[in-house]
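Read the structure below first, then the notes.
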Amino acid sequence: MDKDSVAHDKVFYADWVDDIAPELDFTSTNNVAETQTVTMNMSDKGSGIAEVYFGLQNPEETEVVFTPCTSAQSDQTVAEPGTYYMACKDASGNMTCISAEFFKITLDYGDATCPVRYIVGLEGNTVTLPNPEKLGYTFEGWEQTE
């Protein structure tokens, strides 16, 4: 606006828009277990977190159902291998999406006893395999071939 074009007293109001996407990261348990717990950690300096998504479909490519959430954390369960997508939206609709790959290790221990049949884990994490027990035998380790 040209300062010479104002002929009378006027009031101007600031017009604000929240166009900054929320921040999102996650942590995952690394238990010798058939499921892992993923904690989504979110923050938004603008209008605040409003919705979250956790699942196997990419919300940037597919329409998915978001769940209302206004807290800074959301716990989710991973029970199967695959690429899991985590997304959060703020109240203005800005979205952040990240993904993580989870794997599955199947344990074949025959008629022995062991706490789990398989382990689901986050790619990149180190996994300590459990030791099965079989009466009258000594467990010597795991092999990838029979």
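Taking N94 as meeting all but one of (1) surrounded by 13 or more Cβ atoms within 10 Å (Cβ to Cβ); (2) in contact with a strand residue (DSSP E or B) (Cβ under 6 Å, 6 or more places away or on another chain); (3) over 27 Å from A33 (Cα atoms); (4) modelled with pLDDT of 95 or more, write down the number of the exception.
Condition not satisfied by N94: (2).
Give me the residue from segment 128-146 that is among the hydrophobic types (A, V, I, L, M, F, W, C) and without any contact (Cβ under 8 Å) to a residue 40 or more places away in the chain and, out of that set, surrounded by the fewest Cβ atoms within 10 Å (Cβ to Cβ).
Step one: of segment 128-146, the residues among the hydrophobic types (A, V, I, L, M, F, W, C) are 129, 135, 139, 142.
Remaining after also requiring without any contact (Cβ under 8 Å) to a residue 40 or more places away in the chain: 135, 139, 142.
Working: L135: 7, F139: 13, W142: 13.
Step by step, filter segment 128-146, then rank; the result is L135.
So which residues in segment 43-71 are under 14 Å from the mean Cα position of the chain (by Cα), within 11 Å of M95 (Cα to Cα) and of a type outside the set (F, W, Y), if there are any at all?
E51, V52, P59
Report whether or not G124 is over 13 Å from the mean Cα position of the chain (by Cα) and at positive phi.
Values: over 13 Å from the mean Cα position of the chain (by Cα): yes; at positive phi: yes.
Taking the combined requirement at face value, the residue satisfies it.
Among what's in segment 66-91 and is aliphatic (A, V, I, L, M) and closer than 29 Å to Q144 by Cα, pick the residue that is surrounded by the fewest Cβ atoms within 10 Å (Cβ to Cβ).
A79
Hey, among the residues in segment 45-65 that are of a type in the set (S, T, N, Q) and surrounded by 11 or more Cβ atoms within 10 Å (Cβ to Cβ), which one's farthest from A100 (Cα to Cα)?
Filtering first and then ranking leaves S47.
Within segment 5-34, how many residues turn out to be within 30 Å of S74 (Cα to Cα), of a type in the set (V, I, T) and surrounded by 10 or more Cβ atoms within 10 Å (Cβ to Cβ)? If you could, list the steps in order and put the result at the bottom.
Taking segment 5-34 first, the residues within 30 Å of S74 (Cα to Cα) are 16-34.
With the extra rule that they be of a type in the set (V, I, T), the set shrinks to 17, 20, 27, 29, 32.
Then keep just the ones that are surrounded by 10 or more Cβ atoms within 10 Å (Cβ to Cβ); that gives 20, 27, 29, 32.
Number satisfying all stated conditions: 4.
Select, from A87, A79, the only residue that is in contact with a Pro (Cβ under 6 Å, 6 or more places away or on another chain) and either at pLDDT 95 or above or not β-branched (V, I, T) (or both).
On the way: A79 fails: in contact with a Pro (Cβ under 6 Å, 6 or more places away or on another chain).
After applying the criteria, what remains is A87.
Go through (1) loosely packed, with under 13 Cβ neighbours inside 10 Å; (2) without any contact (Cβ under 8 Å) to a residue 24 or more places away in the chain and name the single condition N125 misses.
Of (1) loosely packed, with under 13 Cβ neighbours inside 10 Å; (2) without any contact (Cβ under 8 Å) to a residue 24 or more places away in the chain, only one is false for N125: (2).
The values are calculated or read from the model by the stated rules, or taken from the named source; none is laboratory data. Predicted, not measured: the structure shown is a model, and the values here were computed from it. Note that each Cβ is placed from the backbone with ideal geometry, even for glycine, and that neighbours are counted across all protein chains shown.
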